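In what follows, a single structure is set out as structure tokens and then discussed.
The values are calculated or read from the model by the stated rules, or taken from the named source; none is laboratory data. Here the structure is a predicted model, which means the values were calculated and not measured. All Cβ positions, glycine included, derive from the backbone under ideal geometry; neighbour counts span all protein chains shown. Remember, those area values only see protein heavy atoms, side chains included, never the ligands or the DNA or RNA. Shrake-Rupley method; radii C 1.70, N 1.55, O 1.52, S 1.80 Å.
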Amino acid sequence: MQIFPHAGELAWIGLRPARDKSMIIVNEIMADQHLGLIGDHYKGSIGKRQVTLIQWEHLAMLASIMAKTITPELLRRNLVIKGINLLALKNRKFRIGEAIFQTTGLCHPCSKMEKILGAGGYNAMRGHGGLTARVLNSGLIHVGDNLTVLPDEPYLAD
């Protein structure tokens, strides 16, 4: 359960400047432990949804189900990762570029997927919405950076 065959790769970065506004696609971004991704509307929160991630491989699966092209900005997630099973990152810490993240939960689809993807969009996304995370250590991340899973810290009893 602790072994990952190889690192994942950050394939895409998107920022949501405000609720219901078009995504801004960038090649690099500062991940801040207090503000999340600088420029994203979720800034200023230390909550569980500072950053959202989705798996690159799921875009093709969703395109097949919906019979249309699915681009990352349609799904409104911040980071698109390829080459690693995101669900295996549950309760794990990981590094992308200079930043360290902690998964905080699943990123379930919302009812907006019916409008964005069309009829059946919500059900197509179920189980494929990705993960939420918070930033533990600030740092710059770039498209092309590896996602490496950090080893679990040993439990120390008091």
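Every helix of 4 or more DSSP H residues in the chain counts as -39500 (n - 2.57), and over all residues that averages to -3500 deg cm²/dmol at 222 nm. Would the stretch 27-66 count as rounded, prolate or oblate if I go by the C-alpha gyration tensor, calling it rounded below 1.5 in a/c and otherwise prolate when a/b exceeds b/c, oblate otherwise? Verdict is prolate for the stretch 27-66. By accessible area, using a 1.4 Å probe on protein heavy atoms only, the chain has 55% of its surface on carbon and sulfur. For the chain, lysine pairs separated by 8 or more sequence positions, or belonging to different chains, with Cα-Cα distances below 24 Å total 17.
Direction-averaged projected area, Cα convex hull, the chain: 9.7 nm², rounded to one decimal. Taken along its three principal axes, the alpha carbon spread of the stretch 1-85 comes to 36, 35, 23 Å, from the longest extent down to the shortest. In Å², and per residue, what accessible area does the stretch 69-158 have when probed at 1.4 Å with the other protein chains present? Per-residue value: 51 Å². Round to a whole angstrom and tell me the spacing of the C-alpha centers of the stretch 128-154 and the stretch 1-60. Their Cα centres are 9 Å away from one another.
Once C-alpha pairs closer than 8 Å and six or more residues apart are averaged by separation and normalised to the residue number of the stretch 78-148, the relative contact order reads 40 percent. Rounded to the nearest 20, the Cβ-based charge dipole of the stretch 44-91 about its Cα centre (Lys and Arg +1, Asp and Glu -1) stands at 180 debye.
As a length-normalised measure over Cα pairs under 8 Å and 6 or more apart, the relative contact order of the chain settles at 32 percent. Dimensions of the stretch 92-149 from C-alpha coordinates, computed as largest minus smallest value along each principal axis and given longest first, are 40, 21, 16 Å. Backbone amide hydrogens, once placed in the peptide plane, bring CYS107 within less than 5 Å of GLY130, LEU131, THR132, excluding anything fewer than 5 places away on its chain.
Using every pair of distinct Cα positions in the stretch 40-122, the Kirkwood expression returns a hydrodynamic radius of 14.1 angstrom.
For a protection proxy built on the mean count of beta-carbon atoms within 10 angstrom, sort 112-119, 17-24, 130-137 highest first, please. It would help to have the intermediate numbers written out before the result.
Details: 112-119: 15.1, 17-24: 11.1, 130-137: 20.9.
Peptide ranking by packing, descending: 130-137, 112-119, 17-24.
Suppose every Lys and Arg Cβ carries +1 and every Asp and Glu Cβ carries -1, with no other charges. What dipole size does the stretch 1-141 come out with about its Cα centre, to the nearest 20 debye?
Taking the Cα centre of the stretch 1-141 as origin, the dipole is about 420 debye.
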